[in-house]
Amino acid sequence: MSNSGIDNNAVIKVLNNILETELAGVVRYTHYSLMIFGYNRIPIISWMRSQASESLDHATQAGELITHLGGHPSLGIGPLLETHQHDIGDIMKESLEHEALALAEYHILLDLVNGQDVMLEEYARRMISLEEMHLGEVRKMLRKPGD
């Protein structure tokens, strides 16, 4: 259990939201990788599958923190919306929306622990940085050459 002044229950709730969101990312990116067709399939599916692996790593980290705080990791999974839009641009836009949800949860966590728990604060900041970088990558992928 943490000895800091954080609200353990609130932090565990947000960490479970992160866990569920990241697990949804595993499923989402794996599904996307299966739905890519065309000339650029190989590099795109490779990128998608690396994103699925990264989401699993992020989910595991959140779960480890939950148990560190004495909580119980959720068996739930975040929302999975099947739009049946499998154009690369549509997939990237869905990815952008999903990553924005994860980023928002990390910001909520940072607000809860900022100045109160160095470990959780550093974790939240590191994850925010990673998610921001990922959003930037997806935004670049959505740009047309020359934009």
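Using the number of other C-beta atoms within 10 angstrom as an exposure proxy, rank Met48, Met92, Met119 with the fewest first.
Placing the least packed residue first, the sequence is Met119, Met92, Met48.
Rounded to whole Å and sorted largest first, what semi-axes of the equivalent ellipsoid does the C-alpha gyration tensor of region 27-71 yield via the square root of 5 times each eigenvalue?
31, 8, 4
Using the alpha-carbon centroid of each, what span in Å lies between region 70-86 and region 95-143?
17
Trypsin sites (Lys or Arg not before Pro), restricted to region 26-86: which are DSSP loop and have at most 10 other Cβ atoms within 10 Å?
The qualifying sites: there are none.
Any idea how far apart Glu64 and Asn114 come out in nm if each label point goes 7 Å out from Cα toward Cβ?
A separation of 2.6 nm, rounded to one decimal place.
Val27 to Asn8: extension gain in nm, 0.36 nm per residue of separation minus the Cα-Cα distance?
4.0 nm
Counting pairs of alpha carbon atoms under 8 Å apart in space and at least six apart in sequence, what relative contact order in percent does the chain give?
Worked out over the chain, it gives 31 percent.
Quote the Stokes-Einstein diffusion coefficient, in whole µm² s⁻¹, for the chain, based on the Kirkwood radius over alpha carbon pairs, a temperature of 37 °C and a viscosity of 0.692 mPa s.
Diffusion coefficient, whole number: 205 µm²/s.
Per DSSP helix of 4 or more residues, -39500 (n - 2.57); summed, then divided by the residues of the chain. What does that give at 222 nm, rounded to the nearest 500?
-25500 deg cm²/dmol
Can you put Lys144, Lys13 in order of Cβ neighbours within 10 angstrom, beginning with the fewest?
Lys144, Lys13
Rounded to the nearest 0.05, what FRET efficiency is calculated for His86 and Met133 with R0 set to 22 Å and r the Cβ-Cβ distance?
For His86 and Met133, the calculated efficiency is 0.30.
FYI, it's all coordinate maths here, none of it is from the lab. All figures in this text were calculated on a predicted structure; none of them were measured in a lab. For neighbour counting, all protein chains shown are included, and Cβ atoms are generated from backbone atoms with ideal geometry for every residue, glycine included.
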